[in-house]
Amino acid sequence: MKSLDQSAIRKQNIRRILDLLTLQSPRTRQSLAEATGLSLMSVTNLVDQLKEQQVLSLTPVARSGSVRISGRKAENIALSGAHHAWLIIDLSGSRFRCTLLGFDLSVILEINCTEEGSYLSRLEAFLSRVKNEIAAALQGRTLLGVAVVTPGPYEILSDTVFNQRLPEINHVKIKALMQRCLGDYNYYVDEDVKFAVRAFAPLINQDPCELLYYLFIGEGVGGAAVHNGNMLRGLNATAGDAGQLASPNGATYETLLSLPAFAASLGCPADDVRCTLKHLQHIACTQPEDYLRALEQAAYYAGDMLYNVLWVLDPSHIIIDCRYAFSFEEEFIHLISDKLSSRLCASGKRFPAIFPAPQGISSILRGAVQVLQREWIERILA
C-alpha cells in the first residue's frame with residue numbers, strides 16, 4: 001500500500017510541475033519549489049526524471065548570486081518541443097481542424113478541413129489527409145497522444161456522441177474511426193467544454209470546498225465542472241451543460257446566448273462561424289455603443305443562467321469563455337457579475353471568483369494537452 005501511495009504522490013507532483021510549466025515557462029527550481037510546496041531536492045529529482053524523458057529544456061540563469069542545488073548553478077526550466085508532440089483533432093466546430101503541437105505547446109502544423117460531401121465522407125477524407133501531413137511534419141518527434149474533441153457529450157462505453165444540431169455524428173464510433181484512419185495511437189476522446197475546463201483546473205486548490213465551472217459561449221453554449229481534480233460527468237455525460245436549461249420565457253439559454261442568436265440581435269447575416277465573427281468584430285469597432293447594448297442583453301441572459309448554476313453546483317471559481325466579447329471582455333464579465341450580485345445579495349451566499357478565459361492558444365487545446373499529459377504520466381510511471 002505504501003509503494004502505491006508513493007507512486008500516486010509522484011504522479012501528482014509530476015503533474016503539478018508540468019501544469020506550472022504549461023501555465024508559465026521558464027521557471028527555476030526555486031520557483032517550482034515555492035509554487036508546489038515541495039523541497040528543492042524533490043523538485044530537482046522530478047526535473048531530472050522529466051529531463052531523461054526529453055520533455056524539458058534547461059538553460060543557465062544569467063545572473064550573479066544564483067542559488068545552487070547540489071553544486072549546480074540555477075537554471076531556467078521550460079517545456080521542450082524538440083522530441084515529442086501532441087495531436088489535437090477538433091470536430092467541435094462547423095469545420096474540422098487539426099493541430100500538431102510540440103510538448104511545449106508550440107504549433108508545428110495546423111490543418112483545416114476543405115473537403116466537401118456528407119459528414120462521414122468529409123471526416124474520413126480529412127483524416128486521410130491528416131495522416132499523410134503529420135507523418136511529414138513530425139520530423140522525428142514521437143507522437144505521445146491524440147485528443148479528439150467532440151461537438152457534444154461523448155459516451156465512453158458506446159464510443160458515440162450526442163448532438164441535436166448535428167445528428168450525422170450521433171452514430172459514428174469516434175475512437176474506432178480514428179484508429180482505422182490514423183493508426184494505433186493513445187487516443188483520448190471527450191467533449192469540447194470538458195477539455196477546456198481542464199486547462200484551468202491547476203488554478204484551484206485540491207480543496208473539497210473548491211469547484212471550478214467553465215462556461216463556453218460560441219456556436220453553442222455549454223459548460224463543465226471540475227471538483228477535487230475530477231471531472232463531473234453524470235449519467236449522460238452532460239453534467240454542467242447549462243445551455244440546455246430553460247429560461248423564464250421557455251427558450252433554452254443556448255438559443256438566447258449562442259453566437260447565431262447574438263449576431264441576429266445586431267442584424268448580422270447568418271454565415272459560417274469565421275465570417276460571422278468577422279462581421280461582429282467590424283460592428284464592435286465601428287458601432288461600439290450598439291455592440292455594448294447587445295452585450296448587455298447577452299450578459300443579462302448569462303447572469304440569469306449562471307444564477308441557476310450557482311445554486312446547483314455552488315462553484316468557487318467561474319471561467320467565462322465568450323467568442324464574441326472581443327475587447328469588451330472585461331465589461332461583459334462586469335455586467336454578468338452585477339447581475340449575479342444583485343440576485344445573490346439577499347441570499348447571504350458567498351460570491352464566486354469570475355474570470356475571463358485568457359487569450360492566446362485556445363482553452364480546448366490547452367485542456368486537451370493537460371489530459372494527454374496526465375495519460376502519458378500514467379504510462380511512464382506504470
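Answer yes if at least one residue in the range 190-209 is of a type outside the set (G, A, S) and farther than 30 Å from I14 by Cα, and no otherwise. Steps first, please.
Just the residues of the range 190-209 that are of a type outside the set (G, A, S), to begin with: 190-195, 197-198, 200, 202-209.
From the residues that got through so far, the ones that are farther than 30 Å from I14 by Cα too are none.
Scanning the range 190-209, I find no residue that is of a type outside the set (G, A, S) and farther than 30 Å from I14 by Cα, so the answer is no.
Picking from I156, I169, I134, which residue would you name as being assigned by TED's automatic domain parsing to the domain that holds W376, more than 30 Å from T252 (Cα to Cα) and of a type outside the set (K, R)? If you could, list the steps in order and put the result at the bottom.
Values: I156 fails: more than 30 Å from T252 (Cα to Cα); I169 fails: more than 30 Å from T252 (Cα to Cα).
Just a single option satisfies the conditions, and that option is I134.
Take the range 222-254 and flag every residue that is surrounded by 16 or more Cβ atoms within 10 Å (Cβ to Cβ) and farther than 30 Å from R15 by Cα.
Matches in the range 222-254: G243, L245, S247, T252, Y253, E254.
Are any residues in the range 205-257 in contact with a helix residue (DSSP H, G or I) (Cβ under 8 Å, 6 or more places away or on another chain), assigned to a loop (DSSP other than H, G, I, E, B) and polar (S, T, N, Q), and if so, which ones?
T238, S247
Exactly one of (1) at pLDDT below 95; (2) in contact with a strand residue (DSSP E or B) (Cβ under 7 Å, 6 or more places away or on another chain); (3) not hydrophobic (A, V, I, L, M, F, W, C) is unmet by H84. Its number?
Failed condition: (1).
Give the range 290-316 a look and list any residue that's of a type outside the set (V, I, T), buried (at least 18 other Cβ atoms within 10 Å of the Cβ) and not in a loop (DSSP other than H, G, I, E, B), or say none.
Of everything in the range 290-316, those that are of a type outside the set (V, I, T), buried (at least 18 other Cβ atoms within 10 Å of the Cβ) and not in a loop (DSSP other than H, G, I, E, B) turn out to be Y291, A294, L295, A298, A299, Y301, A302, G303, D304, M305, L306, L310.
Taking the criterion of being surrounded by fewer than 20 Cβ atoms within 10 Å (Cβ to Cβ), out of contact with any helix residue (DSSP H, G or I) (no Cβ under 7 Å at 6 or more places or on another chain), aliphatic (A, V, I, L, M) and under 30 Å from I89 (Cβ atoms), would at least one residue in the range 340-359 satisfy it?
Checking the range 340-359: not a single residue is surrounded by fewer than 20 Cβ atoms within 10 Å (Cβ to Cβ), out of contact with any helix residue (DSSP H, G or I) (no Cβ under 7 Å at 6 or more places or on another chain), aliphatic (A, V, I, L, M) and under 30 Å from I89 (Cβ atoms).
Is it the case, given these coordinates, that L157 is among the aliphatic types (A, V, I, L, M), at pLDDT below 95 and surrounded by fewer than 24 Cβ atoms within 10 Å (Cβ to Cβ)? I'd like the intermediate steps shown before the answer.
On the way: among the aliphatic types (A, V, I, L, M): yes; at pLDDT below 95: yes; surrounded by fewer than 24 Cβ atoms within 10 Å (Cβ to Cβ): yes.
Taking the combined requirement at face value, the residue satisfies it.
Restricting the search to the range 334-380, which residues are in a helix (DSSP H, G or I), touching a residue at least 24 places away in the same chain (Cβ under 8 Å), more than 24 Å from the chain's Cα centre (by Cα) and under 21 Å from L211 (Cβ atoms)?
K339, L340, R343, L344
Could you pull out the residue among V149, V172 that is at pLDDT below 95, surrounded by 13 or more Cβ atoms within 10 Å (Cβ to Cβ) and not polar (S, T, N, Q)? Spell out how you get there, then give the answer.
Details: V149 fails: at pLDDT below 95.
Criteria check complete, one pass: V172.
The values are calculated or read from the model by the stated rules, or taken from the named source; none is laboratory data. Since the structure is predicted, the reported quantities are computational estimates derived from the model, not experimental observations. All Cβ positions, even for glycine, are placed from backbone atoms using ideal geometry, and neighbour counts span all protein chains on display.
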